[in-house]
Amino acid sequence: MNHLLTTEGLERETLENLLTDADEFAEVLTRPIPKVPALRGKTVATMFFEPSTRTRMSFEKAAKALSADTMSFSPGTSSLSKGESLKDTALTVHAMGVDLMVVRHGATGTPWRLAEWLDIPIVNGGDGAHQHPTQALLDCLTIKQRFGSLDGLEIAIVGDIKHSRVARSDMFAMATLGANVTLVAPPTLLPVDTTRWPAATSTDLDAVMEKMDVVYLLRVQTERGGGSVFPSLPEYTNRYGMTSARFARLKPDAVVMHPGPMNRGVEIGHDVADYERALVLQQVTNGVAARMAVLFALLGGDSDV
Amino acid sequence: MRQVMDGDDLTRVTRRIAHEIVERNHGLDATVLLGIPTRGRPFADRLASALSEIEGKAVIAGSLDIGMYRDDIDTRPRTRIGPTDIPEDLDGKTVVLADDVLFTGRTIRAALDALADLGRPAAVQLAVVVDRGHRELPIRADYVGKNIPTSLEEHVSVRFREIDGDDGVWIGKEAAS
Amino acid sequence: MFDIVISGGSVLTRTGIEQIDVGIADGFIAALGSGLEGSEMIDASGAWVGPGLVDLHTHLREPGEEWKEDIATGTAAAAAGGYTAVVAMPNTVPAIDNAQIAFYVSERARRIGYADVFPAGAITMGRLGEHMAHIDELWDAGVRIFTDDGTSLDNAAVLRLAMDYIANLGGVVAQHAVDSTLSAHGCMHEGTVSSRLGMYGIPSEAEEIVIARDLALVRLTGVRYHVQHVSTARGVELVAAAKADGLPVTCEVTPHHLTFDHNDVETTDPDFKMMPPLRSETDREALREGVRDGVIDIVATDHAPHAAREKEVPFEHAPNGVTGLEWAASVAVETIGDDMARFFEALSMTPASIGQIPAHGLALAADQPAHLVVFDPVAEWTPETTRSRSRNAPYLGTQRTGSVRATLLSGKITYEAGS
Ligand SMILES: [Zn+2]
């Protein structure tokens with residue numbers, strides 16, 4: 001593995017090795033000194049062309065827990081607005097002495113461009129509505145810690161599938177790890193063509209949720225692509241929200257997940273997020289461990305995971 | 001590959017080292033046994049069962065992975081991270097580290113760094129099956145199964161049934177797979 | 001003794017394809033015959049000799065965006081691609097919506113001498129889709145094709161009035177048929193690949209809707225109507241049906257829509273970004289079939305240069321367009337095969353007649369201006385360099401079949417292979 005760009009096509013063994021390592025790093029994070037010297041002397045740059053404080057913090061915490069130095073770039077403080085091309089920006093930051101770049105960008109494919117222009121490992125920290133592979137790792141880690149394995153689990157991903165990089169990354173990773181994934185959304189928020197996706201689709205949450213082991217809720221945004229995608233928020237909640245009434249109908253050991261930030265009262269009931277079977281904070285904690293595993297896999301030594 | 005110890009030799013030195021540990025520490029009450037993965041781990045387990053026989057009570061070994069503490073991360077192929085599993089609080093205890101081969105000392109240095117992040121033991125001791133020399137750091141073992149002088153080109157392979165299918169120690173010019 | 005003799009080729013004459021020599025003197029075809037002697041000889045053995053190619057859809061970028069291309073570099077690329085005449089799209093800065101800019105463009109090209117340039121005029125002022133451009137003035141300056149290319153003229157009322165006006169003059173309305181609301185955020189074909197990549201798609205219907213609406217207005221106004229860069233199977237069907245109904249309708253397809261499809265966008269390489277977008281495999285096959293059977297009248301390049309810096313950005317942020325002048329003839333022969341008559345019809349004669357371009361696109365005969373191309377239909381080559389100022393072409397580095405040996409404009413060699 002030279003880069004981590006997408007979960008699509010990742011070997012099961014690669015995913016499992018990353019999850020095993022992530023579990024070890026999760027243990028490191030519980031120590032009195034939650035830090036190891038593994039990447040001492042390495043520099044990790046976070047290039048966030050699209051603001052996301054929490055993902056950036058998670059990557060920086062992961063890098064620091066491995067004793068790497070971190071640098072951060074954001075367009076607000078940069079020359080991008082002055083017409084510098086993305087390539088020049090990337091080459092400039094690289095020239096400062098960077099061993100790995102984490103890239104988040106609003107446009108699909110940006111991390112691939114950087115991987116083409118630079119000779120260092122690139123981690124996709126989220127590109128457009130395309131991929132967000134470390135999110136998929138932390139989600140799979142969270143599920144694996146809860147259920148022991150993803151094999152045969154029924155997982156529903158609910159919400160704005162069409163515009164969600166989380167849905168795409170999670171779906172491919174979960175399916176590779178043996179889960180049965182169902183994508184649930186209003187018809188306007190399902191992608192046009194999912195025929196080659198390793199997932200079923202549904203527009204009816206009530207019809208599919210009772211068999212689910214995991215219900216993964218996506219954040220709702222009301223305006224997309226210049227038009228309304230559903231009539232109103234209450235109507236969305238009524239059909240697709242994980243209300244406490246719906247929660248009560250889930251299997252007794254089923255869990256609810258959310259990538260954050262949550263709209264309480266919209267896609268997730270006000271109280272539901274605080275239930276023991278809502279794993280939202282565990283996902284956040286695991287985010288650091290999963291990202292440590294990725295950084296270590298790409299910078300710790302020169303052979304494959 | 002030339003065999004220098006067989007399974008019986010391995011069992012004998014393990015028992016001897018177990019006795020030495022008990023003598024030196026006046027029992028096991030304040031002692032924690034940690035194996036360094038990969039092959040320090042079965043060695044620690046065998047020391048634990050020998051100690052259990054001697055003391056007449058269950059002794060459990062933990063494991064301490066040093067993959068995150070290496071100082072040669074750029075120059076060697078990446079090894080998978082092994083488990084770190086510390087059975088009890090280390091503060092004030094005597095930690096006995098167990099490994100298969102003592103060579104440059106860098107693995108032990110990394111282990112000492114790892115230990116320092118996990119607690120503050122009163123003392124740290126080192127038990128190895130083979131000391132092959134060529135130290136690059138001021139580190140020595142407290143308990144040695146066998147001193148085997150080697151050249152740098154030689155490879156020392158300690159094999160445990162649990163991992164390798166058979167027991168014994170071999171020396172050769174080529175790396176054992 | 002002629003100035004130049006092109007010898008040994010298959011020559012497209014008014015009476016058919018003949019194995020004869022072409023003698024050129026004083027810029028004109030002086031003789032068609034055997035054993036002609038010239039002070040300069042061009043070996044055309046194994047090659048096709050016909051009228052210089054005519055491109056109905058070129059973006060020369062001058063005036064206003066000379067960092068991408070200018071008339072000199074653009075027409076040099078045209079000559080290298082076998083073209084002797086190109087129609088320059090009016091989306092320059094400022095737009096070609098008045099006679100002064102039209103004169104500037106054609107006059108500058110005449111002085112440079114690589115190819116004759118016939119500017120197309122904007123339909124609306126500034127291509128803003130509101131007020132009629134100086135259509136009369138443009139007509140008098142020789143403009144025959146009117147288009148707001150780069151954007152679709154979506155306002156039916158504005159378009160209807162322009163059609164009435166242009167129909168009366170005898171001009172052609174050419175439409176960049178992509179509905180602007182359906183394509184608003186889109187940057188690629190809507191389908192399985194856009195779904196995977198999470199990119200906003202442009203449904204095929206964005207093209208069909210505009211063509212269908214425009215055809216209704218053609219029926220109303222009687223204007224000659226030309227669909228630019230048709231990209232969908234249904235778009236081709238609509239044009240075929242309109243032709244069957246006797247409407248004065250023609251259409252073009254670009255080389256890149258014949259070569260590539262939306263699967264190529266999986267690479268997110270911005271060189272595959274253009275408008276209309278690369279469609280599905282099925283669409284691409286329908287377009288190829290359309291060129292072969294003539295439902296699609298012509299191949300037009302939509303040569304759209306952009307500086308490297310402008311394409312060194314994520315796909316979604318990159319400008320639309322690929323360059324095409326230098327390999328369009330190869331793609332055409334790859335599509336059409338060894339049908340020489342169809343090749344020259346699709347790349348020279350029909351484009352000249354649609355665009356009412358004088359002296360170009362004519363089967364060879366004595367006393368015509370010598371606007372000629374010598375084209376080897378089986379030579380294999382790999383484009384590595386370009387005469388365009390820009391290199392935004394996924395064709396670079398790929399092996400092609402069919403290459404230009406020589407291009408002549410008014411009897412002067414504007415391009416010769418290997419020189
Ligand atoms: Zn256009």
- Message: Which pairs turn up if I take residues in the range C:285-302 that are under 16 Å from C:TRP327 (Cα atoms) and in a loop (DSSP other than H, G, I, E, B) and look for partners that are within 16 Å of the ligand (Cβ to nearest atom) and among the β-branched types (Val, Ile, Thr) with beta carbon separation below 6 Å, at least 6 apart in sequence or on another chain?
- Response: C:ASP302/C:THR254
- Item | Members of the range C:201-225 found to be free of Cβ contacts under 8 Å to residues at least 60 places away in the same chain, open to solvent by less than 10 Å² (accessible area, probe 1.4 Å) and away from the ligand (no atom under 16 Å from the Cβ), listed by number | C:VAL218
- Item | Enumeration of residues in the range C:226-238 that are free of Cβ contacts under 8 Å to residues at least 60 places away in the same chain and either away from the ligand (no atom under 12 Å from the Cβ) or not assigned by TED's automatic domain parsing to the domain that holds C:HIS262 (or both) | C:THR232, C:ALA233, C:ARG234, C:GLY235, C:GLU237, C:LEU238
- Query: In the range C:179-189, how many residues are within 9 Å of chain A (Cβ to nearest Cβ) and in contact with a Leu (Cβ under 9 Å, 6 or more places away or on another chain)?
  - Reply: 0
- Going through the range C:260-270 one residue at a time, which ones are open to solvent by 40 Å² or more (accessible area, probe 1.4 Å) and either part of a loop (DSSP other than H, G, I, E, B) or within 16 Å of the ligand (Cβ to nearest atom) (or both)? C:ASP269
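Within the range A:20-50, can you find the residues that are in a loop (DSSP other than H, G, I, E, B), within 10 Å of another protein chain (Cβ to nearest Cβ) and hydrophobic (A, V, I, L, M, F, W, C)?
Let us first name the residues in the range A:20-50 that are in a loop (DSSP other than H, G, I, E, B), namely A:29-42, A:49-50.
From what's left, within 10 Å of another protein chain (Cβ to nearest Cβ): A:31-42, A:49.
Matches in the range A:20-50: A:ILE33, A:VAL36, A:ALA38, A:LEU39, A:PHE49.
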- Note on the structure: Going through the range A:1-53 in order, the residues found to be over 30 Å from A:ALA95 (Cβ atoms), open to solvent by 20 Å² or more (accessible area, probe 1.4 Å) and of a type in the set (Gly, Ala, Ser) are A:GLY9, A:ALA26
- Message: Return the residues of the range C:143-156 that are open to solvent by 20 Å² or more (accessible area, probe 1.4 Å) and more than 16 Å from the ligand (Cβ to nearest atom); say none if nothing qualifies.
- Response: C:ARG144, C:ASN155, C:ALA156
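Residue-by-condition table, conditions (1) away from chain B (no Cβ under 14 Å); (2) at pLDDT 95 or above; (3) buried (at least 18 other Cβ atoms within 10 Å of the Cβ); (4) closer than 18 Å to A:THR55 by Cβ:
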position: A:HIS258; (1), (2), (3), (4): yes, yes, yes, yes
position: A:PRO261; (1), (2), (3), (4): yes, no, no, yes
position: A:ARG264; (1), (2), (3), (4): yes, no, no, no
position: A:ALA278; (1), (2), (3), (4): yes, yes, yes, no
position: A:ALA289; (1), (2), (3), (4): no, yes, yes, yes
position: A:ALA297; (1), (2), (3), (4): no, no, yes, no
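I'd like the residue in the range C:319-348 that is hydrophobic (A, V, I, L, M, F, W, C) and within 16 Å of the ligand (Cβ to nearest atom) and, out of all such residues, is nearest to the other protein chains (Cβ to nearest Cβ). Let's see the steps before the verdict.
Of the range C:319-348, the ones hydrophobic (A, V, I, L, M, F, W, C) are C:322, C:325, C:327-329, C:331-333, C:336, C:340-341, C:343-344, C:346-347.
In the following step, the residues that additionally are within 16 Å of the ligand (Cβ to nearest atom) were identified as C:322, C:325, C:328.
Working: C:VAL322: 17, C:LEU325: 25, C:ALA328: 27 Å.
Out of the qualifying residues, it is C:VAL322.
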- Determine whether C:LEU247 is out of contact with any Pro (no Cβ under 7 Å at 6 or more places or on another chain), free of Cβ contacts under 8 Å to residues at least 60 places away in the same chain and either within 16 Å of the ligand (Cβ to nearest atom) or in a helix (DSSP H, G or I) (or both). no
- Are there any helices (runs of 4 or more DSSP H) wholly within the range C:306-356 with 2 or more residues that are in contact with a strand residue (DSSP E or B) (Cβ under 6 Å, 6 or more places away or on another chain), and if so which? C:328-336, C:340-344, C:350-354
- Go through B:ARG2, B:ARG24, B:ARG16, B:ARG41 for me and flag whichever is modelled with pLDDT of 95 or more and among the charged types (D, E, K, R). B:ARG16
- State the number of residues belonging to the range C:157-200 that are closer than 30 Å to C:ASP140 by Cβ and either within 16 Å of the ligand (Cβ to nearest atom) or open to solvent by less than 40 Å² (accessible area, probe 1.4 Å) (or both). 14
- Quickly run through the range C:118-129 and pick out the residues that are assigned to a helix (DSSP H, G or I) and either open to solvent by less than 50 Å² (accessible area, probe 1.4 Å) or at positive phi (or both). C:GLY126, C:ARG127
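Identify, please: which residue in the range C:271-282 is within 14 Å of another protein chain (Cβ to nearest Cβ) and open to solvent by 10 Å² or more (accessible area, probe 1.4 Å) and is, among those, nearest to the ligand (Cβ to nearest atom)?
Checked the range C:271-282; the qualifying residue nearest to the ligand (Cβ to nearest atom) is C:LYS273.
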- Task: Could you figure out which of (1) at pLDDT below 95; (2) touching a helix residue (DSSP H, G or I) at 6+ places or on another chain (Cβ under 9 Å); (3) open to solvent by 20 Å² or more (accessible area, probe 1.4 Å) isn't true of C:MET132?
- Result: (1)
- Pick from the range C:96-117 the residues that are in a helix (DSSP H, G or I) and of a type in the set (A, V, I, L, M): which of them is farthest from the ligand (Cβ to nearest atom)? C:ILE112
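Hand me the list of strands (runs of 3 or more DSSP E) wholly inside the range C:1-61 holding 3 or more residues that are open to solvent by less than 10 Å² (accessible area, probe 1.4 Å). Steps first, please.
Working: elements: C:2-13, C:16-25, C:28-33, C:38-43, C:48-51, C:53-58.
Result: C:2-13, C:16-25, C:48-51, C:53-58.
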- When every residue in the range B:29-49 that is assigned to a loop (DSSP other than H, G, I, E, B), out of contact with any Asp or Glu (no Cβ under 8 Å at 6 or more places or on another chain) and touching a residue at least 40 places away in the same chain (Cβ under 8 Å) is compared, the one surrounded by the most Cβ atoms within 10 Å (Cβ to Cβ) is B:THR38
- Message: Report every pair of residues separated by at least 6 positions or lying on different chains whose Cβ atoms are under 6 Å apart, first residue within the range B:1-26 and without any contact (Cβ under 8 Å) to a residue 60 or more places away in the chain, second in a helix (DSSP H, G or I) and not β-branched (Val, Ile, Thr).
- Response: B:ARG15/B:ALA50; B:ALA18/B:LEU47; B:ALA18/B:ALA50; B:ALA18/B:LEU51
- Members of the range C:88-129 found to be over 20 Å from C:ALA76 (Cα atoms) and in contact with a strand residue (DSSP E or B) (Cβ under 6 Å, 6 or more places away or on another chain), listed by number: C:ILE96, C:GLY121, C:ILE123
- Task: Could you check A:LEU118 against (1) within 14 Å of chain C (Cβ to nearest Cβ); (2) open to solvent by 20 Å² or more (accessible area, probe 1.4 Å); (3) hydrophobic (A, V, I, L, M, F, W, C) and say which number it fails?
- Result: (2)
- When the residues of the range C:291-305 are filtered to those that are open to solvent by less than 10 Å² (accessible area, probe 1.4 Å) and in contact with a helix residue (DSSP H, G or I) (Cβ under 6 Å, 6 or more places away or on another chain), which remaining residue is farthest from the ligand (Cβ to nearest atom)? C:VAL291
- Task: Run B:PRO138 past the list (1) in a loop (DSSP other than H, G, I, E, B); (2) buried (at least 20 other Cβ atoms within 10 Å of the Cβ) and report the number of the one that doesn't hold.
- Result: (2)
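The values are calculated or read from the model by the stated rules, or taken from the named source; none is laboratory data. What you see is a predicted model, and the numbers here were worked out from it, not measured in a lab. Glycine also receives a Cβ, built like all others from the backbone with ideal geometry; neighbour counts cover every protein chain displayed. Just the protein is used for accessible areas: all its heavy atoms, side chains included, with ligands, DNA and RNA removed. Shrake-Rupley method; radii C 1.70, N 1.55, O 1.52, S 1.80 Å.
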